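Trainee: Dropping a structure here in structure tokens format, bear with me for questions.
The values are calculated or read from the model by the stated rules, or taken from the named source; none is laboratory data. Please read all numbers here as calculations on a predicted model, not as lab measurements. As a convention, Cβ positions derive from the backbone with ideal geometry for all residues, glycine included, and neighbour counts pool all protein chains shown.
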Amino acid sequence: MDVSKTSRVKLPSLNGVSVSAKKQELKEYFRQTWAEYEALFSLINDDSAYFLKPERLRHPLIFYFGHTASFYINKLILGKFIAQRINGKLEAICAVGVDEMSWDDLNSAHYDWPSVDEVRGYRIQVAALVEKLIDSMVLTLPISPSSLAWLILMGCEHERIHLETSSVIMRMLPLHYLSANDHWRTCVDSANAPKNELMPMAGKLIEFGKPRSDNTFGWDNEYGYNTLTLHDFRVSKYLVSNQEYLAFVNAGGYQQTQFWSAEGQQWLAFTKATRPRFWLEKNSDSNETIYWQRNLLNEMPLPLNWPVEVNYLEAKAFCHWKNSQHSTNKKQFIRLPTEAEWLCLRDKVSGNLSDWQVVPGNINKEYYASSCPVDTFGHEGVFDIVGNVWQWTETTIDGFQGFEVHPLYDDFSTPTFDGKHNLIKGGSWISTGNEAQRNSRYAFRRHFFQHAGFRYVESSREELPNLAINHYERDVGVCQQLHAHYVMGESATGKSVIDKGEKDQSGSANSAMPVEVKNYNQQIITQLLNILEKYHVGTNKCLDLGCSVGRTSFMLAQHFKHVDGVDLSARYIQHAVSLQQGKSVRYLLENEGDIVDYHEVTLMDVDLPCSKNIHFSQGDISNLKADISGYNVILVQHVLEQSYDPRLFLKTVHQRLNRNGLLVIISSYDFDEQHTAKENWLGGIKINGENVSGFDGLSSLLTPNFNLLVQHQLTRLLKTNRRHFTLSFPHLTVWQLK
């Protein structure tokens with residue numbers, strides 16, 4: 001085999017010295033991407049095959065043929081780079097692909113697919129439009145994520161993804177619908193597989209994330225930064241071969257449910273699988289069952305030294321079975337590698353597709369239109385670190401610290417941040433462009449079939465070196481509180497802003513807040529600090545009741561030696577604790593209807609330290625523990641109206657304060673019977689025919705033990721969506737213990 005071939009087309013760099021040269025580079029990359037995609041579909045020799053569904057959980061191929069072209073138009077319309085569609089009906093029906101949500105959730109009855117000739121004509125129109133836009137666009141270097149050039153690169157990389165996923169579906173078509181050609185050459189090398197063994201890997205600090213300074217296009221999930229320290233581990237020298245996996249099949253691995261996860265058992269029950277998807281059973285002359293393998297364009301006797309291709313569930317079951325074969329060492333465990341361990345392995349391969357002169361693996365279609373033997377491409381004693389087949393990992397995809405959604409493709413990554421999509425790493429023989437880069441991150445549901453196999457690692461049974469999961473909070477109430485605390489209003493530096501950092505899909509500010517309002521938590525702290533200074537109150541210990549997601553507690557911690565943050569709901573407190581630990585918190589908020597905005601906040605965003613002098617805990621104001629006492633200041637935020645017995649709390653709260661201590665009450669007095677029986681309301685009622693307000697009831701309960709020092713009206717704004725805000729004017733009162 002000739003291993004000196006060079007890569008066909010380099011990924012365009014984002015920088016350059018000549019705008020005209022960069023436009024030509026973009027056009028060449030677009031044309032090559034487009035031509036490669038059409039070359040794949042030219043393998044189909046019968047148009048009727050476009051409408052078959054060889055994979056019942058995916059659309060027919062006619063969708064994917066039109067999808068990558070309609071993607072350009074839909075994104076160009078969204079970004080306001082063009083104003084008119086080419087074919088509205090086709091652009092609607094070919095807009096959204098299918099993520100395999102469950103075994104049987106795709107119903108094709110409602111699809112009126114276009115003809116193949118209609119899609120062919122449409123693709124010609126789209127290609128002409130894109131090339132015209134490249135020629136006429138205003139281009140500033142380096143290319144930025146907000147530019148039209150970035151969108152065109154996004155379209156190219158999107159089509160390269162579907163070059164791969166469409167080839168998987170074609171691999172499931174009956175062979176007579178496909179015609180082979182020299183451009184798509186299958187490997188013919190086949191023999192017994194080499195014996196796999198475990199190779200030592202030294203632990204190290206792993207740094208995650210594509211640097212913003214990187215000079216190539218990246219998807220949003222690649223950016224950000226995290227670190228993780230790996231301990232020493234051992235990794236399989238080769239990808240698991242067909243021969244190694246055959247031992248699992250012959251041992252009845254598909255029939256022994258103890259090797260399968262709960263999800264794996266459900267998948268087995270549904271599919272009745274007994275072997276890998278691309279293995280075929282045929283009878284020999286002696287009527288014995290023998291296995292063949294289906295490749296993209298041919299069938300061949302099972303190549304034992306090629307990598308097996310399975311989904312995550314099958315790969316994990318194999319690892320469990322392998323552990324059962326080597327059960328003497330109870331401290332060591334065979335499992336799939338994590339993303340961190342693959343990155344450690346990837347450091348054995350220098351460079352990237354964007355700069356390789358000799359491509360060091362069966363990737364980018366440099367050598368074959370199929371897999372090849374697992375012992376072909378070695379790197380310091382380990383083979384197939386990149387290419388041949390994708391490698392399943394034990395890491396569910398999530399965003400790194402600093403992750404930001406790209407506004408023109410807000411559903412590329414975030415729908416997969418659900419704990420149900422595992423990362424695949426390394427690329428396959430057909431992986432091109434961004435897919436073949438070190439920092440690429442693609443994830444699929446665990447029962448998904450791709451040109452994917454696996455290798456295994458051996459490590460401590462207790463160790464699974466993954467980053468902590470940081471999914472998006474979706475609870476509406478919690479998200480509104482996070483937004484109010486850390487995004488809306490005035491920043492900690494005093495810079496006046498209304499609603500920080502929100503952009504619509506054209507890049508313009510999308511907040512429609514009608515008035516400027518200072519951050520609500522800062523309003524509270526400003527009033528409290530004025531009182532502390534005026535009345536010379538001690539600053540040893542403070543209680544923040546109703547701390548919610550914690551910003552007031554963090555601000556108080558800058559002035560008190562110790563702060564207890566207490567809230568009735570653990571849903572709120574968990575985010576305060578995450579922020580205190582230096583982590584980011586992610587949440588989404590409605591923009592308009594089904595459109596949502598994705599946010600990520602840290603204490604650094606509001607110039608607050610990760611104070612260690614705060615203790616967050618869950619508590620009910622009507623049943624606080626006895627050790628919640630000895631405070632100089634007790635701040636009570638909007639919890640009276642959430643309590644079943646606010647009167648009991650107000651009658652006894654003086655016992656928890658130090659001499660001359662302050663009680664700060666913030667309330668809107670909006671009591672309701674869902675939370676508080678009417679006999680326990682402070683106000684909003686009539687007694688003996690007279691109106692009693694919430695402040696009246698508050699005063700009557702506090703006056704025996706407190707003197708009223710200050711009353712003040714606050715302005716509180718909560719965001720519901722882009723154009724809907726709730727404005728209220730809570731009442732702040734300050735009482736001093738007699």
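Trainee: Going by the conditions given, is E309 among the charged types (D, E, K, R) and surrounded by fewer than 16 Cβ atoms within 10 Å (Cβ to Cβ)?
Mentor: Answer is no for this residue.
Trainee: Given the options L732, L718, name the one that is part of a strand (DSSP E or B), over 16 Å from V636 (Cα atoms) and assigned by TED's automatic domain parsing to the domain that holds H638.
Mentor: From the options L732, L718, the qualifying one is L718.
Trainee: Kindly evaluate F729 against the criterion of being touching a residue at least 12 places away in the same chain (Cβ under 8 Å) and under 19 Å from Q481 (Cα atoms).
Mentor: Taking the combined requirement at face value, the residue satisfies it.
Trainee: Next question, about the same structure. Which count do you get for residues in segment 528-542 that are farther than 16 Å from N658 by Cα and either surrounded by fewer than 17 Cβ atoms within 10 Å (Cβ to Cβ) or among the basic types (K, R) (or both)?
Mentor: 4
Trainee: Output the residue which, of all residues in segment 644-668 that are in contact (Cβ under 8 Å) with a residue 60 or more places away in the chain, surrounded by 22 or more Cβ atoms within 10 Å (Cβ to Cβ) and of a type outside the set (A, V, I, L, M), is farthest from S548 (Cα to Cα). Give the derivation first.
Mentor: Of segment 644-668, the ones in contact (Cβ under 8 Å) with a residue 60 or more places away in the chain are 654, 656-668.
Then keep just the ones that are surrounded by 22 or more Cβ atoms within 10 Å (Cβ to Cβ); that gives 657, 661-667.
Those left that are additionally of a type outside the set (A, V, I, L, M): 661, 667.
Working: G661: 23, S667: 14 Å.
Only one residue tops the list, namely G661.
Trainee: If you don't mind, another one. Taking segment 61-78 as the region of interest, how many residues are of a type in the set (A, V, I, L, M) and either within 11 Å of I93 (Cα to Cα) or not assigned by TED's automatic domain parsing to the domain that holds E159 (or both)?
Mentor: Result for segment 61-78: 1.
Trainee: Can I ask one more? Of the residues N287, N250, N283, N323, which single one is more than 26 Å from L173 (Cβ to Cβ), without any contact (Cβ under 8 Å) to a residue 60 or more places away in the chain and in contact with a strand residue (DSSP E or B) (Cβ under 8 Å, 6 or more places away or on another chain)?
Mentor: Matching residue, one of N287, N250, N283, N323: N323.
Trainee: Could you list, in sequence order, the residues of segment 302-318 that are part of a loop (DSSP other than H, G, I, E, B) and among the aliphatic types (A, V, I, L, M)?
Mentor: Filtering segment 302-318 down to residues part of a loop (DSSP other than H, G, I, E, B) leaves 302-306, 308-311.
If the condition is that a residue be part of a loop (DSSP other than H, G, I, E, B) and among the aliphatic types (A, V, I, L, M), then L302, L304, V308, V310 are the ones that fit.
Trainee: Then there is this: Here are some residues: T227, T165. Which one is assigned to a helix (DSSP H, G or I), of a type outside the set (A, V, I, L, M) and closer than 30 Å to I469 by Cβ?
Mentor: Only one candidate qualifies: T165.
Trainee: Just a yes or no: is a residue in segment 255-274 without any contact (Cβ under 8 Å) to a residue 40 or more places away in the chain, in contact with a Lys or Arg (Cβ under 9 Å, 6 or more places away or on another chain) and not β-branched (V, I, T)?
Mentor: No, because not a single residue in segment 255-274 is without any contact (Cβ under 8 Å) to a residue 40 or more places away in the chain, in contact with a Lys or Arg (Cβ under 9 Å, 6 or more places away or on another chain) and not β-branched (V, I, T).
Trainee: Could you go through segment 434-448 and let me know if any residue there is of a type in the set (D, E, K, R) and in contact with a His (Cβ under 7 Å, 6 or more places away or on another chain). Can you show your working first?
Mentor: Within segment 434-448, the first condition is being of a type in the set (D, E, K, R), and the residues that meet it are 435, 438, 441, 445-446.
Of the ones still in play, those that are also in contact with a His (Cβ under 7 Å, 6 or more places away or on another chain) are 445.
Scanning segment 434-448 turns up at least one residue that is of a type in the set (D, E, K, R) and in contact with a His (Cβ under 7 Å, 6 or more places away or on another chain).
Trainee: Then there is this: Quick one: would you say F81 is part of a loop (DSSP other than H, G, I, E, B), out of contact with any Cys (no Cβ under 6 Å at 6 or more places or on another chain), assigned by TED's automatic domain parsing to the domain that holds T140 and at pLDDT 95 or above? Walk me through it before giving the result.
Mentor: Values: part of a loop (DSSP other than H, G, I, E, B): yes; out of contact with any Cys (no Cβ under 6 Å at 6 or more places or on another chain): yes; assigned by TED's automatic domain parsing to the domain that holds T140: yes; at pLDDT 95 or above: yes.
Yes; evaluated as a whole, the condition is true for this residue.
Trainee: State yes or no: is F695 surrounded by 13 or more Cβ atoms within 10 Å (Cβ to Cβ), among the hydrophobic types (A, V, I, L, M, F, W, C) and modelled with pLDDT under 95?
Mentor: Answer is no for this residue.
Trainee: Something else: Only one of (1) among the small types (G, A, S); (2) at pLDDT below 95; (3) in contact with a Leu (Cβ under 9 Å, 6 or more places away or on another chain) is not met by S284, so which one is it?
Mentor: (3)
Trainee: State which residue pairs qualify: first residue basic (K, R) and inside segment 117-132, second residue surrounded by 16 or more Cβ atoms within 10 Å (Cβ to Cβ) and part of a helix (DSSP H, G or I) in any location, beta carbons under 6 Å apart, and separation of 6 or more residues or different chains.
Mentor: R123/A69
Trainee: Filtering segment 351-385 down to residues that are crowded, with 22+ Cβ neighbours inside 10 Å and either among the acidic types (D, E) or not assigned by TED's automatic domain parsing to the domain that holds N439 (or both), which residue is modelled with the lowest pLDDT?
Mentor: Here the answer is E366.
Trainee: Quick one: I334 ticks every box in (1) at pLDDT 90 or above; (2) out of contact with any Asp or Glu (no Cβ under 6 Å at 6 or more places or on another chain) bar one, so which box is it?
Mentor: Result: I334 fails condition (2) only.
Trainee: Another question, if that's okay. Does segment 669-692 include one or more residues that are surrounded by fewer than 20 Cβ atoms within 10 Å (Cβ to Cβ), in a helix (DSSP H, G or I) and among the basic types (K, R)?
Mentor: Checked segment 669-692: at least one residue is surrounded by fewer than 20 Cβ atoms within 10 Å (Cβ to Cβ), in a helix (DSSP H, G or I) and among the basic types (K, R).
Trainee: Looking only at residues that are at pLDDT 90 or above and basic (K, R) in segment 659-686, which one is farthest from P730 (Cα to Cα)?
Mentor: Ranking the qualifying residues of segment 659-686, first place goes to R659.
Trainee: With modelled with pLDDT of 95 or more and not in a strand (DSSP E or B) as the only criterion, which of W321, W292 stands out?
Mentor: Matching residue, one of W321, W292: W321.
Trainee: Name the single residue, out of those in segment 715-738 being aliphatic (A, V, I, L, M) and under 37 Å from the mean Cα position of the chain (by Cα), that is nearest to I531 (Cα to Cα). Break it down into steps so the answer makes sense when it comes.
Mentor: Initially, segment 715-738 is screened for residues aliphatic (A, V, I, L, M), giving 717-718, 727, 732, 734, 737.
Of the ones still in play, those that are also under 37 Å from the mean Cα position of the chain (by Cα) are 717-718, 727.
Working: L717: 24, L718: 26, L727: 26 Å.
Of everything passing the filter in segment 715-738, L717 is nearest to I531 (Cα to Cα).
Trainee: With respect to S643, is the statement that it is within 22 Å of L737 (Cβ to Cβ) and polar (S, T, N, Q) true?
Mentor: Values: within 22 Å of L737 (Cβ to Cβ): yes; polar (S, T, N, Q): yes.
Yes, satisfied.
Trainee: Here's a follow-up. Pick from segment 698-715 the residues that are in contact with a strand residue (DSSP E or B) (Cβ under 8 Å, 6 or more places away or on another chain) and in a loop (DSSP other than H, G, I, E, B): which of them is surrounded by the fewest Cβ atoms within 10 Å (Cβ to Cβ)? Spell out how you get there, then give the answer.
Mentor: The initial filter retains those residues of segment 698-715 that are in contact with a strand residue (DSSP E or B) (Cβ under 8 Å, 6 or more places away or on another chain), namely 698-699, 702, 705-715.
Still in the running and in a loop (DSSP other than H, G, I, E, B): 705, 714-715.
Values: N705: 18, L714: 18, T715: 14.
Per the stated criteria, the residue is T715.
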